[in-house]
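First the structure, in the form of structure tokens, and then the observations on it.
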Amino acid sequence: MPQWPHIYSEVLKTPYEEGRSSLCVITGYSSSAFVHHLLHAYDRVQIDLILGMVKQQPITIWDHNEYIRLVQDTGRLRVRYYKGTPPIHMKAVLWKAEHGKPEIAYAGSSNLTWHGFRDYQELMISVDPREILNAFPDDHMLKDCVDPDIFEHFNMLYQREPEISEIDTSAIGAIAKNCPSVILRLTQKRDNQVHDRSGLNWGQRERREPNQAYIPISSEIHKEDPEFFPDLAVEFTVITDDGESFVCTVAQQGRKAIHTNHDNSILGRYFRRRLGVASGAKVERLHLERYGRDSVTIYKMNDDTYYMDFSQRRG
């Protein structure tokens, strides 16, 4: 009977390491950042995820968009939303039989999130896999997240307009402004210059993808608020003031950097686009001066979601 804090290991990690790879999950709620983590931490896993509360309690548009990206980029994920009533609030995990390993299943209180599988006190009980299979809804009650008519059935939180997948930056920005925040410099403290081979120019070295970049976090930030950012390697979502969203982690010794997870060049391409710098080119101090800003403000909306303001400032 896996209990906190062993649920992650016993329900997810160990079955995978034993040779299983086909994971079916039905849950009321999920975090796209946590699903992102599972797909990249376990490179053989195939996940079939059903979210049961989307119609009654909509998910955010950035979670929906990240699910679509993961479906398309990995080829190892299927995400479906339950459109029936009453909503599905259960939490159940089923590993299918393969490689001589029998089916195993768990049911309990853990949503498919970092909170559900690591942070909160939860309980998942080993159950008869047949009971879990019987609990899965009929296909006609489900809509695949990539279906072109998905917005005819579901509304998403912070969706700029019905029928489109863009983030309402005005709404999310207004909420974020009331959240705790920190300012992260994009330049070196000693001379206010852009780092030559780190920070925004992390990839400016031989045999590196030149767009690789990270946002530096000074040690003073951690001293003032050690819990503002997650622990090392814990995925979280960053929403930007211009409507982008990335799955990121805090990384490096001393927790000194924010990376876009599993592809460090995503963040570098983003900043170069906003600064008007060619892809792969070195970012210089003059680019930040021309743009009118040499820092970002990060707002903590919750443990999974941060808002980054890099809006242009002149004069």
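The values are calculated or read from the model by the stated rules, or taken from the named source; none is laboratory data. Since this is a predicted model, take the numbers as computed values, not measurements. When we count neighbours, we look across all protein chains shown, and the Cβ atoms used for this are built from the backbone with ideal geometry, even at glycine. Surface accessibility is based on the protein's heavy atoms, side chains included, excluding ligands, DNA and RNA. Shrake-Rupley method; radii C 1.70, N 1.55, O 1.52, S 1.80 Å.
Which members of segment 169-181 meet the condition of being touching a residue at least 40 places away in the same chain (Cβ under 8 Å) and either in contact with a Lys or Arg (Cβ under 9 Å, 6 or more places away or on another chain) or part of a helix (DSSP H, G or I) (or both)? Selection gives Thr169, Ile172, Gly173, Ile175, Ala176, Cys179, Pro180, Ser181.
Among the residues of this structure, Thr27 counts as one that is in contact (Cβ under 8 Å) with a residue 12 or more places away in the chain and either of a type in the set (A, V, I, L, M) or within 24 Å of Ser165 (Cα to Cα) (or both). Can you tell me which residue in segment 253-277 is modelled with the lowest pLDDT, limited to those that are over 24 Å from Glu220 (Cα atoms) and open to solvent by 40 Å² or more (accessible area, probe 1.4 Å)? So, considering only residues that are over 24 Å from Glu220 (Cα atoms) and open to solvent by 40 Å² or more (accessible area, probe 1.4 Å), the one modelled with the lowest pLDDT is His262. Would you confirm whether any residue within segment 278-301 is within 19 Å of the chain's Cα centre (by Cα), of a type in the set (A, V, I, L, M) and surrounded by 15 or more Cβ atoms within 10 Å (Cβ to Cβ)? Within segment 278-301, one or more residues are within 19 Å of the chain's Cα centre (by Cα), of a type in the set (A, V, I, L, M) and surrounded by 15 or more Cβ atoms within 10 Å (Cβ to Cβ). Of all positions in segment 150-166, none carries a residue that is open to solvent by 50 Å² or more (accessible area, probe 1.4 Å), within 23 Å of Thr14 (Cβ to Cβ), of a type outside the set (A, V, I, L, M) and at pLDDT 95 or above. All conditions in (1) at pLDDT 95 or above; (2) of a type in the set (Asp, Glu); (3) open to solvent by 40 Å² or more (accessible area, probe 1.4 Å); (4) touching a Lys or Arg at 6+ places or on another chain (Cβ under 9 Å) hold for Asp231, with the sole exception of (1). Exactly one residue out of Val250, Val194, Val146 is closer than 23 Å to Val79 by Cα, modelled with pLDDT of 95 or more and either assigned to a loop (DSSP other than H, G, I, E, B) or not aromatic (Phe, Trp, Tyr) (or both): that is Val146.
Residues in segment 30-51 that are in contact (Cβ under 8 Å) with a residue 40 or more places away in the chain and open to solvent by less than 30 Å² (accessible area, probe 1.4 Å): Ser30, Ser31, Ser32, Ala33, Phe34, Val35, His36, His37, Leu49, Ile50.
Does Glu103 satisfy being within 25 Å of Leu133 (Cα to Cα), surrounded by fewer than 18 Cβ atoms within 10 Å (Cβ to Cβ) and without any contact (Cβ under 8 Å) to a residue 40 or more places away in the chain? Taking the combined requirement at face value, the residue satisfies it. Applying the criterion of being open to solvent by 50 Å² or more (accessible area, probe 1.4 Å) and over 23 Å from Pro230 (Cβ atoms) to the residues of segment 179-191, the residue that is modelled with the highest pLDDT is Asp191. Residues in segment 206-228 that are surrounded by 13 or more Cβ atoms within 10 Å (Cβ to Cβ), assigned to a loop (DSSP other than H, G, I, E, B) and without any contact (Cβ under 8 Å) to a residue 40 or more places away in the chain: Arg208, Ser218.
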